[in-house]
Amino acid sequence: MSLALPAAPALRRLRAAFAIWPALLVPLLFVPMVLAPPVNHDVAAVLGFSERWLGGERLYVDLIDVNPPLIYVLNLLPAAISRATGLDGIVALQACLVALGLALWRLALVVRARAGEGAVERVLLDVLPGLVAFGAGYDFGQRETLMAAMGLPYLLAAARRMAGDRPGWGLLAAVVAALGFALKPHFLAVPALVEAAVLVAALRRGRGVAALRDPVPWVMAALWLLYLASLPVLFPDYLGTVVPLVLGFYLDNGGQTPWGLLTLPRLGTVVAFLLPLAVLAWRQAGGLPRVLSLAALGALASALAQHKGWSYHIMPIELFTCSLATVLAARWLDRLRAGGDGRAARVAAGLAALFALYLVSEGEAPWNQLTWRQSDAYALTAMLREHAQGERVLVLSPGIAPIYPALNYAHARMTLRTMNIWLLEGAYLQCPASGRRYREVWDMGRPEFFVYRTVAEDFARAPPAAVVIDSMSAIPDCDGEAFSLIDYFSRHPLFAEVWSHYAEVGRHGRYTVYARHD
């Protein structure tokens, strides 16, 4: 009897540790989904650009893209790991992303104040960071999902700051979040709303002066200003070349009105959930639900500002809204005394499973993974492996998928200076005033002439092993005449001469692969 008593606390701790496993299993089930092929096409394209940058090409000179440089700087790490170890680039990237997700999970655990949490809420918040980090499925690694995962520890700390606490590790959480929010300027809507709420809460407590001494907003602002100041010094071509192209050619390409975006089924659904939950959070709940509602609203503002309605723009709204819904449900169930010990863990596992079910029903995982071998990307990968494994490839297509990740899996290197032909799409939103299908050189604007000239000159200077042509240009017909990418570039004598040495070697759907025959 005397031996059993000292063991009782340890036994209870052991039982509590095992009790959380059903809830912990839910986010862990997403890990094999995000590691299975295919990797997200935009994530693969960004990695491909960082690998080319590391290989000696100049960012925003030889590599033209609309993204600010931070995402390419971050991708230099997996690119360098791949080069130093011989590890596949995609594998190195996935290893870095999983390691980041686990580190963020740990940071979210230590930044929390567990005092005052109910039994169900405590278990839910133990597994919530894993759902946010890995639950994006096919969009895992996208800039929006990185922002959400990197921002969650900061949001947990902000909830404590609203109550007047100064959480340990809170400054580190703010630094990590500042990097995530800096990936796109649109993301700054999230910390702007959160910091405004923290300041208002301090003013209501009569602690406005103390709030101004809080280092978190100042450190975050300093990091953003330092990043902004580095652009003209380290990346002058981004401001001088890319930003004008974005303003003139990219923003209006495929854009939608705010009302058009809100009527998209996926975005409309999550907004229909978010708005009543946000009202409930501000009327009845405490700091964390309010902070999560502001984060979701900031993510919504970011999606509307980008006016595209793409899946990864919507994903952070879904992650924050589902986090808000499950936290509110956990608090309600705790008030009902829904659980203690093992029962609370089972209830929290059910809430986590509902979170996961929403993500699976609205997202593309595991469906993209299960149908990988029937996909265009798989077929294109097979053709590239056959004809251009480890070689250079010119791709002329309006799409990034399935070109990426097919190029990555074939270890092929794109030679086009942009990820796709978005500059041509922008130049031909309207038919030429001359009535001709293609503008003459003297009628071209500088961006169009840049594409026309560099594609031909790069093609002639170092002919790639293969060329992939998309039969759909995404450029409107003019007087019933389609835009042919081959005809367009073959007007340049350098391109035409080199193109005569290529022959068709494979075709799948819209994509035709040509290889040199001499």
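When you check Leu152 against the structure, is it in the same structural domain as Tyr227 (by TED's automatic domain parsing), surrounded by fewer than 24 Cβ atoms within 10 Å (Cβ to Cβ) and of a type outside the set (D, E, K, R), yes or no? For Leu152, the condition - in the same structural domain as Tyr227 (by TED's automatic domain parsing), surrounded by fewer than 24 Cβ atoms within 10 Å (Cβ to Cβ) and of a type outside the set (D, E, K, R) - is not met. Considering segment 26-58, and only residues there that are assigned to a loop (DSSP other than H, G, I, E, B) and hydrophobic (A, V, I, L, M, F, W, C), the residue that is surrounded by the most Cβ atoms within 10 Å (Cβ to Cβ) turns out to be Val39. Residues of segment 464-518 that are in a helix (DSSP H, G or I) and within 32 Å of the chain's Cα centre (by Cα): Leu485 alone. Looking at segment 310-419, the helices (runs of 4 or more DSSP H) lying wholly inside it that each contain 2 or more residues that are among the charged types (D, E, K, R) and within 30 Å of Ala119 (Cα to Cα) sit at 311-335, 342-362. Checked against (1) surrounded by fewer than 24 Cβ atoms within 10 Å (Cβ to Cβ); (2) closer than 24 Å to Trp310 by Cβ, Glu144 meets all criteria but (1). Restricted to segment 112-129, and to residues that are assigned to a helix (DSSP H, G or I) and surrounded by fewer than 24 Cβ atoms within 10 Å (Cβ to Cβ), which residue is modelled with the lowest pLDDT? Here the answer is Ala119.
One line per residue, one yes/no per condition, for (1) of a type outside the set (Phe, Trp, Tyr); (2) crowded, with 23+ Cβ neighbours inside 10 Å:
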residue	(1), (2)
His307	yes, no
Phe320	no, yes
Trp332	no, no
Gly350	yes, no
Trp367	no, no
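Scanning segment 349-399 for residues that are closer than 30 Å to Val271 by Cβ and free of Cβ contacts under 8 Å to residues at least 60 places away in the same chain yields a total of 8.
A single member of Arg112, Arg143, Arg122, Arg166 is of a type in the set (D, E, K, R), closer than 21 Å to Leu29 by Cα and out of contact with any strand residue (DSSP E or B) (no Cβ under 8 Å at 6 or more places or on another chain), and it is Arg122.
I'd like to know if segment 166-173 contains one or more residues that are aliphatic (A, V, I, L, M), crowded, with 24+ Cβ neighbours inside 10 Å and closer than 23 Å to Leu226 by Cβ. Looking through segment 166-173, at least one residue is aliphatic (A, V, I, L, M), crowded, with 24+ Cβ neighbours inside 10 Å and closer than 23 Å to Leu226 by Cβ. Is there a residue being in a loop (DSSP other than H, G, I, E, B), closer than 19 Å to Thr512 by Cα and either in the same structural domain as Gly480 (by TED's automatic domain parsing) or at pLDDT 90 or above (or both) anywhere in segment 425-439? The answer is no, given that none of the residues of segment 425-439 is in a loop (DSSP other than H, G, I, E, B), closer than 19 Å to Thr512 by Cα and either in the same structural domain as Gly480 (by TED's automatic domain parsing) or at pLDDT 90 or above (or both). Based on this model, can you work out whether Arg83 counts as at pLDDT below 95, on the phi < 0 side of the Ramachandran plot, over 13 Å from the mean Cα position of the chain (by Cα) and in the same structural domain as Ala325 (by TED's automatic domain parsing)? Here the answer is no, as Arg83 does not meet what is asked. May I ask you to verify whether Pro447 is in contact with a helix residue (DSSP H, G or I) (Cβ under 6 Å, 6 or more places away or on another chain), surrounded by fewer than 21 Cβ atoms within 10 Å (Cβ to Cβ), under 29 Å from Thr381 (Cβ atoms) and not aliphatic (A, V, I, L, M)? Judged against the criteria, Pro447 is not a match. One residue stands out among those in segment 180-190 that are buried (at least 19 other Cβ atoms within 10 Å of the Cβ) and part of a helix (DSSP H, G or I): the one that is modelled with the lowest pLDDT, which is His186.
Yes or no, residue by residue, for (1) touching a Leu at 6+ places or on another chain (Cβ under 8 Å); (2) modelled with pLDDT of 95 or more; (3) surrounded by 14 or more Cβ atoms within 10 Å (Cβ to Cβ):
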position	(1), (2), (3)
Arg213	no, no, no
Leu226	no, yes, no
Thr241	no, no, yes
Val270	no, yes, yes
Trp282	no, no, no
Ser293	yes, yes, yes
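Here is a list: Val393, Val360. Which entry is surrounded by 22 or more Cβ atoms within 10 Å (Cβ to Cβ) and in contact with a Pro (Cβ under 9 Å, 6 or more places away or on another chain)? Being surrounded by 22 or more Cβ atoms within 10 Å (Cβ to Cβ) and in contact with a Pro (Cβ under 9 Å, 6 or more places away or on another chain) holds for just one of Val393, Val360, which is Val393. Consider segment 474-504 and keep the residues that are closer than 23 Å to Gly399 by Cβ and in contact with an Asp or Glu (Cβ under 8 Å, 6 or more places away or on another chain). The one that is surrounded by the fewest Cβ atoms within 10 Å (Cβ to Cβ) is Ala474. With the structure loaded, tell me whether Ile71 is within 30 Å of Leu247 (Cα to Cα), in contact with a strand residue (DSSP E or B) (Cβ under 8 Å, 6 or more places away or on another chain) and of a type in the set (A, V, I, L, M) or whether it fails that test. Answer is no for this residue. Residues in segment 377-419 that are among the acidic types (Asp, Glu) and either in contact with an Asp or Glu (Cβ under 9 Å, 6 or more places away or on another chain) or within 14 Å of Gly506 (Cβ to Cβ) (or both): Glu386 only. The single condition among (1) more than 22 Å from Gly56 (Cα to Cα); (2) without any contact (Cβ under 8 Å) to a residue 12 or more places away in the chain that Ala427 does not satisfy is (2).
The values are calculated or read from the model by the stated rules, or taken from the named source; none is laboratory data. Please read these numbers as outputs of a predicted model, since none were measured by experiment. All Cβ positions, even for glycine, are placed from backbone atoms using ideal geometry, and neighbour counts span all protein chains on display.
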